[in-house]
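Since the structure comes first, as structure tokens, the remarks are kept for the end.
The values are calculated or read from the model by the stated rules, or taken from the named source; none is laboratory data. What you are looking at is a predicted structure, and each value in this text was computed from that prediction instead of being measured. FYI the Cβ positions are ideal-geometry reconstructions off the backbone, even for glycines, and counts take in every protein chain you see.
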Amino acid sequence: KGDPDAPLSPTEFKEKATMLFRFGGVSEPEAWVERILELDRVSSFRDSELIDLLDVSANGSMGKSSKI
């Protein structure tokens with residue numbers, strides 16, 4: 001399951017992604033998954049809610065986020 005001959009359903013995909021984020025120590029894994037899946041519906045990454053989960057300084061550089 002999870003290869004081209006036996007793809008994951010959308011629900012299975014979300015569950016697997018959430019599990020992997022959780023395994024990686026990411027806090028709020030469900031929020032990350034939902035926001036990543038919404039990226040195709042925004043005109044710009046900056047317009048996405050995903051950016052709220054990142055620790056991005058005013059100059060645009062990314063530091064280590066306390067949320068992940």
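Observations, loosely collected:
- A count restricted to region 1-16 and to residues that are surrounded by 10 or more Cβ atoms within 10 Å (Cβ to Cβ) and of a type in the set (D, E, K, R) stands at 4.
- Residue check for E49: at pLDDT 85 or above and of a type outside the set (S, T, Y): no
- Selected residue (criterion: modelled with the highest pLDDT) from residues of region 59-68 that are at negative phi and surrounded by fewer than 12 Cβ atoms within 10 Å (Cβ to Cβ): N59
- Within region 17-58, tally of residues that are out of contact with any Asp or Glu (no Cβ under 8 Å at 6 or more places or on another chain), outside any helix (DSSP H, G or I) and surrounded by 12 or more Cβ atoms within 10 Å (Cβ to Cβ): 7
- Considered as a group, the residues in region 1-16 that are of a type in the set (D, E) and assigned to a helix (DSSP H, G or I) include one that is farthest from S48 (Cα to Cα), and that residue is E12.
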